[in-house]
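Report on one structure; see the data block that follows.
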Amino acid sequence: MRRSRIVAAALSALALLAVAASPSSAETPKSGGHLNLMQREDLSQGFAVHETSTIATSFPSLPCFNNLIVFDQTKRAETVENLVGELAEKWSWQDNYRNLVFFLRKNVKWHDGQPFTSKDVKFTFDMLREAPDAPAKLRINPRKDWYTNVEAIEAADPYTVVFRLKRPQPGLLVMLASGYTPIYAAHVNPAAYRTGCIGTGPFKMKEWRKGEFVDYVKNPDYFMKGRPYLDSLRYVVIKERGTRTAALQAGQLDVSFPGETTKTAAEQLKKAVPGLVITPVAQAVSDNIIMNTKKPPFDNLKVRLAVSYAIDRKALISAVHQGGAVPGASQQPKPYGVWGLLDKDLIALPGYGKVEDMKAQARKLLAEAGITPQHPLKVEMSTRAIAMYVDLASFVINELKQVGIEASLKQVETAQWHPMATRGEYQIGANLTGLGVDEPDANYYENYACGSPRNYSQYCSEEVMKLIEQQSQELNPQKRLALVSTLQKKVEADAARPLLDWRLDYFTVWPHVKGMVPHDNIYNFGRMADVWRDK
Amino acid sequence: MKTYIAQRLGIGLLTLLGMSIVIFGMLRLAPGDIVDILFSTGGYVNPVERLAIEKELGLDRPVWVQYVEWMRQILTGDLGKSYRYDLPAWEIIRPLIPVTLELAILSLIVSVALGVPLGVISAVRQDTPLDYVLRVFSLAGLSMPSFWLGMVIILGLVAWIGWIPPVTYVRPSENFWLHAVQFALPSLAVGYRSSALIMRITRSSLLEVMREDYIRTARAKGQSGSVVIWRHALQNAILPVVTVIGIEFAFLIGGLVVTETVFNLPGLARFLVEAILWRDYPIVQNLVMFIAIVVIVSNLVVDMLYGFLDPRVRYGH
Amino acid sequence: MATRPLGVEAAPVSLGLRRPGAWTVLARFCRKKPLGAIGGVLMVVMFLTAVFANQLATHDPIATDAGQSLARPGPDHWLGSDHLGRDIYSRVVHGARVSLVVGLASTLLGSVFGGIIGLLSGYVGGKTDLITQRVMDILQGLPLLVLALVMSAALGPSIPNVVLAISIPIIPRAARVIRASVLSIREMQYVEAARAVGLRHVRIAFRHVLPNTMGPFIVLCTAQLGSAILVEAALSFLGLGVPEPYPSWGRMLSVSAAEYAQKAPWLVLFPGLAISLAVFGSNLLGDALRDTLDPRLRGA
């Protein structure tokens, strides 16, 4: 009796040992090699991530920088559980989510040899929150609102940083994991990031040939031993869409640009090169309609709701994206985002039911507002003069036509779009919004809060503001989820910015590219330290 | 002769001055400026920060002050700083010049190599089916949008043989053959288009000259047909052709914009479009002036060449 | 440069010689210049397509239809459909209207305006001529597409603005051609005779000189029409031309077309063919007209 038990224990111990010893993935990473990545346009402001809000800057800058924390680059889901430390070894919330303490990694060097300390963290975030005694100022600061709740940042010793908040805010943690929150060097003028890059990241910026490419070489002093695997990277700038796809197909590019591969393009690529690895992921980019709530006719809730009812979400996904998108409310839907509404709540929203019923409801609402086929509503729909936007707008115009709203399309050049939208010089617009991180605080303060410059609809609801503040301070996750669900439903019911769908990206890599795991958010993956070449 | 050159240069300078005012004015007319674009990459607008950046870039000064400042900079050889890249404009423009220049020259060579022989054949076989075929072929090149031709070529290549010319610019020093391949297709595409006009002019001027009395005299004297053509006729027909080559060079720049975009070549033309979209005033202004200077100088050279080739024409009287 | 006066073989209108009937002229033209006749036919087809676009189209050119995305050419969609399910044939047909309107309007606008400038400049001569020529040089020094680009960016995407943007580079080219024509006619005997008789300059300019520049003017217009259509296509391709929802051949070729071209080559093929045929026709016609109306002008 005792012998068999010993044998059994020994066998199970052996089995455990075998499991522990074998690598979790099927292959072992190889060192060395070069990869060509796609860059859809030349970098907007070089590597000055804190001065831009575009993936055209953030994606090619990721290899150069490190954050305090990031979402695990080898896992797809962006959740609190998947946070890993980069420049921070350990972190913890204290005093009931009022203070956030980071214990920083030691022996980390900037690319120019200088040591990394808490000074750099304090420098970066004081600059971002525009602290009165901040040593530097950003020329353009799009994410200042992310840090309004930060009272002070303390760097008591070189390897400890404390974020003191005015009130509890559990959501702040994930906002620091975004690709939009790298750490700048305190000894470098922030303006210098527009032309070059001094970071602590796995790759050093070797050359940026304007309009052509960005070259990176391996950082031999990277704090993670054995990383990065690759020797060099090149981000090739190709503006012409057809040429871009052809280059990927012909193998001159190894990796596609996040958010740039539609379902149809992916099918075409797969047909031409069956070996390509295509992973459909969500982008955290939504299609939505903005309406000027301060001027007629869209100051009338009924008219706005009618617009939301008139647009058949399923048809839109089919027509504009050929199925490469998913329906959702103002937070990215499950399973791509953690805050998404339950299915039963989603289909109760305008635009999700039976087509005829929805259109009839829209016409009824319009009639109540005095708009009938005899007195149709004529409006001007503005959109950016880019194919993505124009396709969306064309479809929406067609939908609106069926309920009695005649919209003419006005294309606005890039330089004009934000000033026009911010100043309210439009009636209705077809818009795309990217969320830097799947966190309601980042979303609602930016896009729905009273007076926020990116609240293009100029929507202001006291009730909603209360809800936003409430969920921001709610420490119980279930309670917070409930609050955010209420918030999503309320915002769709006010129809100031009806959400149409969330885009999918069919991220494509050649089979020899290993370890490149796309996330359900185009802004937060691409550090490239864990990527290797099998050939 | 000298006074003629001096006169032409003087007029050229005046023209350049006028052009500078036109391009300066039109750019300022375009709605939106670099500050708007910077904010749009940030995704928001803030009036206070706007003013600060305007001041930093000198855009808050009165328009005429900015113009005078620009002129002053040019005279001191300073081409200003790019608003977008925060670097000296010359540093950014310099690597682009050889690309566009090479593409333009190669295209010109293709157009002459294609246009002149076709024009001669067409003229000699006037009104025969061969003439018609050649004229249709040539005109087809002129009628196709250059970007369409380029797009069809690239898409066709990747669909049929799974290969396209390199999308990153390969310098001749890095890999000569790859570089040659990279430039072959776009030069052919652009050259084919330009060849149409050259072919037409070659044909018509040759036809005109062939009717001349002295040709008929030479023929009557018994000189063989082809000698007559190649020696007398072509010699005199060259003059208008040379003029047209000069004109075509200027037209090429426009055609290069789309070609450089489709074939992803980092040249001046493509960069100019980018700079216009970014309202990068220093770059656009200086690049356009550069192109204008090239055009004026090439016109002058062509006219001088004309005078050199045709002893009947004399200048300066 | 050859100093032979231009238009010497065209019968001066003012002398009132009897001209052959219109149909005879047309028949003779078709016989002598078959290529030109083909060009003429192409232009007429395009013109009729533009005028009768509504009747000729099978679908609403801007109506999207998700179920028909990227449909192959067939009985439902003669030339296939694009990624939004819009019928390519109908869009090509309506695109003719846009291209023709923009092309003709900008050509006429630029040519007439430039022609008047050239007429007056050439006729008056002297300092006015010199200054006008310099101004024209300035406008002409900039390549056509670049000028149109900057103007388009300056004015914003809309049809009137595109017409204006394309017409401006045409002005100096028209002025130069008309001026050259005027300069030669001015010295001719019947004009001197008119002056000797004591007719006022304005009258001479408009009644005697102008009609004889018609030849070069028509040639110029047809030549510029082709180039105007191409510039509009290029501008639309770059995103700065005719805006949505008007179907424009050039814009049909940009972005989306290139992306789906391997799955649906008809997206790229037919709009490009349409542009090429239109410009081809206009060039053929222009060439033939030039040969007929002004043989001496062949070289310029």
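The values are calculated or read from the model by the stated rules, or taken from the named source; none is laboratory data. Remember, predicted model here, so these are calculated numbers, not experimental data. Methodologically, a virtual Cβ is constructed for each residue, glycine included, from the backbone with ideal geometry; neighbour enumeration extends over all protein chains shown.
The conditions of being of a type outside the set (A, V, I, L, M, F, W, C), within 30 Å of C:ASN54 (Cα to Cα) and modelled with pLDDT of 80 or more are not met by C:GLY118. Take the conditions in a helix (DSSP H, G or I), within 14 Å of chain C (Cβ to nearest Cβ), touching a Gly at 6+ places or on another chain (Cβ under 9 Å) and not aromatic (Phe, Trp, Tyr) and apply them to B:LEU142. Does it pass? Criteria met by B:LEU142.
Among the residues of region B:56-90, the ones that are in a helix (DSSP H, G or I), within 14 Å of chain A (Cβ to nearest Cβ) and in contact with a Lys or Arg (Cβ under 9 Å, 6 or more places away or on another chain) come to 3 in all. Consider region C:66-86 and keep the residues that are outside any loop (DSSP other than H, G, I, E, B) and within 14 Å of C:ALA264 (Cβ to Cβ). The one that is nearest to the other protein chains (Cβ to nearest Cβ) is C:GLN68.
The conditions of being within 14 Å of chain C (Cβ to nearest Cβ), at pLDDT 90 or above and surrounded by fewer than 23 Cβ atoms within 10 Å (Cβ to Cβ) are met by A:GLU380. Selection within region A:422-452: residues that are of a type in the set (Ser, Thr, Tyr) and surrounded by 24 or more Cβ atoms within 10 Å (Cβ to Cβ). The member of this set that is farthest from A:ASN521 (Cα to Cα) is A:TYR448.
Of the numbered criteria (1) more than 21 Å from C:LEU84 (Cα to Cα); (2) touching a residue at least 12 places away in the same chain (Cβ under 8 Å); (3) touching a helix residue (DSSP H, G or I) at 6+ places or on another chain (Cβ under 6 Å); (4) among the small types (Gly, Ala, Ser), the one A:ALA310 fails is (1).
Taken residue by residue, region B:35-51 has no member that is acidic (Asp, Glu) and more than 10 Å from every other protein chain (Cβ to nearest Cβ).
Taken together, B:GLY12, B:GLY80 contain a single residue that is in contact (Cβ under 8 Å) with a residue 12 or more places away in the chain, more than 30 Å from A:GLU130 (Cα to Cα), in contact with a strand residue (DSSP E or B) (Cβ under 8 Å, 6 or more places away or on another chain) and not aromatic (Phe, Trp, Tyr), which is B:GLY80.
Residues that are among the basic types (Lys, Arg) and away from chain B (no Cβ under 14 Å): does region A:335-356 have at least one? Looking for residues that are among the basic types (Lys, Arg) and away from chain B (no Cβ under 14 Å), one finds at least one in region A:335-356, hence yes. Could you say whether any residue in region B:155-164 is outside any helix (DSSP H, G or I) and surrounded by 22 or more Cβ atoms within 10 Å (Cβ to Cβ)? Checked against the condition, which is being outside any helix (DSSP H, G or I) and surrounded by 22 or more Cβ atoms within 10 Å (Cβ to Cβ), region B:155-164 yields at least one hit.
Is it the case that B:PRO129 is farther than 21 Å from C:ALA278 by Cα and either within 11 Å of chain C (Cβ to nearest Cβ) or free of Cβ contacts under 8 Å to residues at least 40 places away in the same chain (or both)? Criteria met by B:PRO129. Scanning region B:155-186 for residues that are touching a helix residue (DSSP H, G or I) at 6+ places or on another chain (Cβ under 9 Å), under 21 Å from C:GLU259 (Cβ atoms) and among the aromatic types (Phe, Trp, Tyr) yields one hit, B:TRP163. Tell me yes or no: at least one residue of region A:49-66 is closer than 24 Å to A:ARG164 by Cα and either among the polar types (S, T, N, Q) or part of a loop (DSSP other than H, G, I, E, B) (or both). Within region A:49-66, one or more residues are closer than 24 Å to A:ARG164 by Cα and either among the polar types (S, T, N, Q) or part of a loop (DSSP other than H, G, I, E, B) (or both). Residues that are in a helix (DSSP H, G or I) and within 14 Å of chain B (Cβ to nearest Cβ) are absent from region A:394-411.
If you check C:THR132, C:THR128 for being without any contact (Cβ under 8 Å) to a residue 40 or more places away in the chain and out of contact with any Asp or Glu (no Cβ under 8 Å at 6 or more places or on another chain), only one passes: C:THR128. For region A:286-297: of the residues being among the hydrophobic types (A, V, I, L, M, F, W, C) and in contact with a Phe, Trp or Tyr (Cβ under 7 Å, 6 or more places away or on another chain), which is farthest from A:TRP502 (Cα to Cα)? The selected residue is A:MET291.
You will find that of C:ALA153, C:ALA148, C:ALA63, the residue that is within 14 Å of chain A (Cβ to nearest Cβ) and buried (at least 20 other Cβ atoms within 10 Å of the Cβ) is C:ALA153 and no other. When region A:151-172 is filtered for residues that are without any contact (Cβ under 8 Å) to a residue 40 or more places away in the chain and over 15 Å from A:PHE102 (Cα atoms), the ones remaining, listed by number, are A:GLU151, A:LYS166. Taken together, the residues in region A:49-98 that are touching a residue at least 24 places away in the same chain (Cβ under 8 Å) and in contact with a Ser or Thr (Cβ under 6 Å, 6 or more places away or on another chain) amount to 4.
Against the condition over 29 Å from A:THR433 (Cα atoms), touching a Leu at 6+ places or on another chain (Cβ under 7 Å) and either at pLDDT 95 or above or within 14 Å of another protein chain (Cβ to nearest Cβ) (or both), how does A:PHE71 come out, does it pass? The answer is no for A:PHE71. Please work out if C:GLY39 is over 27 Å from C:ASN212 (Cβ atoms), surrounded by 15 or more Cβ atoms within 10 Å (Cβ to Cβ) and either within 14 Å of chain A (Cβ to nearest Cβ) or of a type outside the set (A, V, I, L, M, F, W, C) (or both). When the stated conditions are applied, C:GLY39 does not pass them. Within region C:139-147, not a single residue is part of a helix (DSSP H, G or I), at pLDDT 80 or above and touching a helix residue (DSSP H, G or I) at 6+ places or on another chain (Cβ under 7 Å). Just one of the numbered conditions (1) in a loop (DSSP other than H, G, I, E, B); (2) in contact (Cβ under 8 Å) with a residue 40 or more places away in the chain is not true of A:THR28: (2). Is there a residue in region A:259-280 that is modelled with pLDDT under 95, more than 13 Å from chain C (Cβ to nearest Cβ) and either crowded, with 24+ Cβ neighbours inside 10 Å or within 25 Å of the chain's Cα centre (by Cα) (or both)? For region A:259-280, residues modelled with pLDDT under 95, more than 13 Å from chain C (Cβ to nearest Cβ) and either crowded, with 24+ Cβ neighbours inside 10 Å or within 25 Å of the chain's Cα centre (by Cα) (or both): present. Checked against (1) out of contact with any Leu (no Cβ under 7 Å at 6 or more places or on another chain); (2) surrounded by 24 or more Cβ atoms within 10 Å (Cβ to Cβ); (3) more than 8 Å from every other protein chain (Cβ to nearest Cβ); (4) not basic (Lys, Arg), B:GLY267 passes all but a single condition, namely (1). The set of residues in region A:237-256 being facing another protein chain (nearest Cβ under 7 Å), β-branched (Val, Ile, Thr) and outside any helix (DSSP H, G or I) consists of A:ILE238 alone.
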